[in-house]
Amino acid sequence: MDGFKVVIVGGGSSHTPGIIESLVNNLDRFPLKKLVLYDIDPERLELVDTLCGSLIEKLDPECTYFTTTDPEKAYTDIDFAFAQIRQGGMEMREKDEKISLEFGVVGQETCGPGGMAYGLRSIPAVCKVIDDVRTYAPEAWIINYSNPAAIVAEATRRKYNNYKILNICDMPVAIMLSFAKMLGLQKYNDLDPVYFGLNHFGWWTKLYDKSGVDRMPELKEQIMQFGLAASHDKHHSDPSWRHTWENFKEILTDFPEYLPNTYLQYYLYAKESAEDMDIHYTRANMVMDGREKDMIEQARLIRESNGTYKANLNLFNAFGDFIVDVACSIAYNNADRYLVIVENQGAIPQLPYDAMVEVPCYLRKWGPEPVVIGNIPQFQLGMIQQQLASEKLIVDAYFEQSYQKALEALTMNKTVPSAKVARKILDKMIEANKGYWPELH
């Protein structure tokens, strides 16, 4: 059979079943010749392999499928690597969140000090993936979902010039799915967005439907009347995410010009966001008690029934659909238009040429071509410049092993109230991340 050879890096992730289901549902346009699940944790691999048994059965009989902890077996002779690793696991995510909250600062996976701590762990791990892929499959495309995407993208730009590396994020997709449903549409890509910013830090300015009509005014009216409808998937519909959707109306009330990325709540209302969080039970605990336990329970039921029990994971298909859509556009040179993270290259003229921005891009066989957004208003520009400086400084800290640059990165971040607080958080993060971070001098 003709088809593509794909490895899912971080195959033990709770997101993997959604990716596999999307691959299976799109075999007509993205046929598979080989599918590999790779992870450094064999127990997690076994868990996901068990959960996905009924999905794997739907692959073409000629498609090779296996799981492995061996990078050479995983990466040899592949076309695409879908990377979604979490260095340090949920345990380190919990520390990121709780250390920040201990000092009254937002405790969040990708924002503020928690995001920077995660970034300093993720950079070497993602670089290891890229180096291994380049060793065994030099021309394979690496589509990276690993967080914190903005920091990782800046690091891979510096080290690899992002050659055949594309950093993407599912959050705009999840929000656009909610937009689409509110407008009576079915899929996230039934809307063609105009959007600018950084990852987890941006704004929609237009939302065109397939007939070319901007639905933004209509959507704003609905949101102001009813709020933003929760995303239609399990991953983004639990209580903490519902609280996030509710905050959307508040942001739009204060700043009505554009529709915001939901993560802006942590920067615009940093003090209030931190006060709303429970230091004893953070988002990491919710995930561990939610989808992580659900996966384990579903796998147990499958094993005890000798495979007759069918897992009901209510999978987040938009997550998987997006990565398959991106891969198709690259593989077939479709030049489809998606929101991805790319080097600015003049798309937003007021920002540095090498800033890693999140904007609409046409995805071609040779890579992304960003759409020119033009100049942006001073308020959004100022916020982006501050966040961009913070992200670049934390990447400086990694490559230079610089304590000073790490301190500057935390101090610059809008979620942190002062340099004194930044230093206290940084010192405690250093202790918590021994063995993961480079030694800072």
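The values are calculated or read from the model by the stated rules, or taken from the named source; none is laboratory data. Quick caveat: nothing in here was measured; it's all calculated off a predicted structure. Using ideal geometry, Cβ is built from the backbone for each residue, glycine included, and neighbour counts are taken over all protein chains shown. Remember, those area values only see protein heavy atoms, side chains included, never the ligands or the DNA or RNA. Shrake-Rupley method; radii C 1.70, N 1.55, O 1.52, S 1.80 Å.
Table for the structure above
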{"quantity": "Among residues of region 365-375, those that are open to solvent by less than 10 Å² (accessible area, probe 1.4 Å) and either closer than 20 Å to Leu207 by Cβ or assigned to a loop (DSSP other than H, G, I, E, B) (or both), counted", "calculated": "0"}
{"quantity": "Any hit, region 344-357, residues being at pLDDT 95 or above, among the small types (Gly, Ala, Ser) and under 23 Å from Met92 (Cβ atoms)", "calculated": "no"}
{"quantity": "Identity of the residue in region 254-300, among the aromatic types (Phe, Trp, Tyr) and in a loop (DSSP other than H, G, I, E, B), that ends up surrounded by the fewest Cβ atoms within 10 Å (Cβ to Cβ)", "calculated": "Tyr281"}
{"quantity": "Per-region count, region 205-223, residues open to solvent by 50 Å² or more (accessible area, probe 1.4 Å) and either in a strand (DSSP E or B) or within 15 Å of Ser178 (Cβ to Cβ) (or both)", "calculated": "3"}
{"quantity": "Evaluation of Ser54 against (1) under 18 Å from the mean Cα position of the chain (by Cα); (2) polar (S, T, N, Q); (3) open to solvent by 20 Å² or more (accessible area, probe 1.4 Å) (one fails), failing number", "calculated": "(1)"}
{"quantity": "Unique match (being open to solvent by 10 Å² or more (accessible area, probe 1.4 Å) and assigned to a strand (DSSP E or B)) among Tyr353, Tyr362", "calculated": "Tyr362"}
{"quantity": "Any hit, region 81-90, residues being in a helix (DSSP H, G or I) and either on the phi > 0 side of the Ramachandran plot or not basic (Lys, Arg) (or both)", "calculated": "yes"}
{"quantity": "Filtered residues of region 424-441 (kept if farther than 16 Å from Gln108 by Cα and in contact with a Leu (Cβ under 6 Å, 6 or more places away or on another chain))", "calculated": "Trp437"}
{"quantity": "Close pairs (6 angstrom Cβ cut-off, 6 or more residues apart or separate chains): modelled with pLDDT of 95 or more in region 412-440, in a loop (DSSP other than H, G, I, E, B) and of a type in the set (S, T, N, Q) anywhere", "calculated": "Pro438/Gln401; Leu440/Gln401"}
{"quantity": "Residue within region 140-159 that is modelled with pLDDT of 95 or more, outside any helix (DSSP H, G or I), open to solvent by 10 Å² or more (accessible area, probe 1.4 Å) and touching a strand residue (DSSP E or B) at 6+ places or on another chain (Cβ under 8 Å) present", "calculated": "yes"}
{"quantity": "Every residue from region 91-115 that is open to solvent by 10 Å² or more (accessible area, probe 1.4 Å), assigned to a helix (DSSP H, G or I) and touching a helix residue (DSSP H, G or I) at 6+ places or on another chain (Cβ under 6 Å)", "calculated": "Arg93, Glu94, Lys95, Ile99"}
{"quantity": "Yes/no for Leu37 being assigned to a loop (DSSP other than H, G, I, E, B), farther than 30 Å from Tyr281 by Cα and among the hydrophobic types (A, V, I, L, M, F, W, C)", "calculated": "no"}
{"quantity": "Hey, Lys128 of a type in the set (Lys, Arg), open to solvent by 10 Å² or more (accessible area, probe 1.4 Å) and either touching a Gly at 6+ places or on another chain (Cβ under 8 Å) or outside any loop (DSSP other than H, G, I, E, B) (or both) or not", "calculated": "yes"}
{"quantity": "First in region 263-290 and over 25 Å from Ala150 (Cα atoms), second anywhere and charged (D, E, K, R) and open to solvent by 20 Å² or more (accessible area, probe 1.4 Å), Cβ under 8 Å, 6 or more apart", "calculated": "Ile279/Lys98; Ile279/Glu102; Gly290/Asp238"}
{"quantity": "The one condition in (1) closer than 21 Å to Ala284 by Cβ; (2) in a helix (DSSP H, G or I); (3) open to solvent by 10 Å² or more (accessible area, probe 1.4 Å) that Glu21 fails to fulfil", "calculated": "(1)"}
{"quantity": "Hits in region 64-90 (condition: open to solvent by 20 Å² or more (accessible area, probe 1.4 Å) and of a type in the set (Val, Ile, Thr))", "calculated": "Thr64, Thr67, Thr69, Thr76, Ile85"}
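Here's the yes/no breakdown for (1) under 17 Å from Asp39 (Cα atoms); (2) more than 12 Å from the chain's Cα centre (by Cα); (3) among the hydroxyl-bearing types (Ser, Thr, Tyr):
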| site | (1), (2), (3) |
| --- | --- |
| Tyr118 | no, yes, yes |
| Ile130 | yes, yes, no |
| Pro138 | no, yes, no |
| Ile151 | no, no, no |
| Asn161 | no, yes, no |
| Ile165 | no, yes, no |
| Cys169 | no, no, no |
